[in-house]
Amino acid sequence: MTRGPRRGALALLASTQLLLITDTAIVNVALPSVGEDLGSGSTGLSWVANAYLIAFGGLLLLGGRVADLLGHRRVFLGGLGLLAVASAAGGLAPGADALVVARAAQGVGAALAAAAAFALLLLLFPDGPARHRALGAFAAMGGLGGVLGTVLGGVLTDLLGWRATFWLNVLLAAALAALAVRILDPRAGVAFRGGFDLTGALTATAGLGLVAYALVGGAEAGWLTTRTLGAGGAGLALLLAFAATETRAAAPLVPPSVLARPALRRANVLAALAQTTLFPMFFLVSLYLQSVLGYAPLGGGLGLLPLSLVVVAVAPQTGRIIFRLGLHRTMTLGFVLLCAGTAWLALALTPDGTFTSTVLAPSLLLGAALPLVMVTTNVAATADAAPEETGLASGLVNTSQQFGSVLGLAVLVAVATTRTGDAGRTADTTRTGAVDAARAAAETAGFRAALLTGAALAALAALLSVRLPAGEPVHEPR
């Protein structure tokens, strides 16, 4: 494929990434309106979001392997088609239960599309500067997606109602699928011969889904409840069964030789650690701006715009930085900046601050860190993938990132909730007018504790990244 068509394919695949990240945020903003319209309580509303996360996280690995076996372009189109149909079902949902089912189906479509899109990128752009630039475009779209979803969710819900957020997905997914038929060469991402490990697919998917269920459910119902412990235990048992199955399967879903690669294992761990800090940070900052500083939901989303603009500016330069510093040094730099920016943000938060005095400056540093850690961990996790393993490598790193996001959000929100409760109980709220001030102080203390926990995870990742082997591009990117 020549440079022109490859650029068109990259724009298409990066736009798909933008759609999938935007979809996560846009529905979250609309949830209060969903509850009012459908008469659903907080538990039902939480599963409108969680059903998507569980299906997405549980099926990424399987989706990547299916793309290798059935054809990456075919699975990409199928994922977008399912996403569009499920979004239409969400827009027409008569009740909360139907909406949860539609969101789960959206997660299935998103998993197939995401794994296939990333695999197509790896096939179209061989390892080196071209791939680094392509991954930089993916990182830029990811940074924009969180903010764009928050802004669009507020605007569409206010003007047209929450159902409009689902119909927007229908239009965008259909448009991307139509463009894919025209832009993607049918020979790009052809199927590779091989059998299919049904037992491994079932145990891996069910195990990952149950672990995701335990993580998102534990953050709400409690970590020591029978439901959470049962789901987590069953999920881990199935994953152990999956590991045992793979050593004997004729055509394993994840060949043991792939997991035996130390660099791949470390890179996937680091990809997960990056998301345990980054994903909750977006959520916590938006919540702080709204619940403590009093911004409207739209203002809370726009507060993340400067961070996203820095991501868009830095991401295209990541390949050049990797050439100058080397892969592992760039990765370490990214995690150091992530740690410093998160810690700075935590310490800057005050109950009576302003956006400019608390969030703006550290968010700019975080905007520089995000593409560095995202691009370098993706490069390291996929550098050794053979053409017939691109879907598998994509599924592995996407699964690591998704579970890092779910785990990070569950743990950091639990830390914030625990700290807020402790601060709230010790605050003096007996005087007239002190209740709101005490509440703001308690919530700020919770956000600070959660962000400091995220900074500690980023520091751990920085230490682990030093052990990755150095990798230098052969040619300087132009």
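Odds and ends about this structure:
- The overall shape of the stretch 90-138, judged from the alpha-carbon gyration tensor, is prolate: a/c is not under 1.5, and a/b is greater than b/c.
- Global form of the stretch 75-216, assessed from the alpha-carbon gyration tensor, a/c cut-off 1.5: oblate
- Put a dot 7 Å past the Cα of Ala49, heading toward its Cβ, do the same for Glu36, and the two dots end up 1.8 nm apart.
- Cα gyration tensor, the stretch 212-318 - rounded (a/c under 1.5), prolate or oblate: oblate
- The stretch 350-407 - Rg (one decimal) and Dmax (whole number), Cα, Å: 17.0, 55
- Relative to the current alpha-carbon distance between Arg248 and Leu364, full extension at 0.36 nm per residue lengthens the span by 36.8 nm.
- Nearest-0.05 FRET efficiency for Thr418 and Thr199, computed from C-beta distance (R0 30 Å): 0.15
- You can think of it this way: the chain between Arg74 and Val101 has 7.3 nm of extra reach, that is 0.36 nm per residue less the Cα-Cα gap.
- Residues in the chain average 40 Å² of solvent-accessible surface per residue, probe 1.4 Å, ligands and nucleic acids excluded.
- Per residue, the convex hull volume that the Cα atoms of the stretch 4-74 enclose (Å³): 109
- When the solvent-accessible area of the chain is split by element, carbon and sulfur atoms take up 67 percent of it, the probe being 1.4 Å.
- Mean residue ellipticity (222 nm) of the chain, computed from DSSP H runs ≥ 4 via -39,500 (n - 2.57), nearest 500: -28000 deg cm²/dmol
The values are calculated or read from the model by the stated rules, or taken from the named source; none is laboratory data. Since the model is a prediction, treat every value here as computed from it, not as a measurement. Positions of Cβ are backbone-derived with ideal geometry, glycine not excepted, and every protein chain shown enters the neighbour counts. Just so you know, the surface numbers come from the protein's heavy atoms only, side chains and all, with ligands and any DNA or RNA stripped out. Shrake-Rupley method; radii C 1.70, N 1.55, O 1.52, S 1.80 Å.
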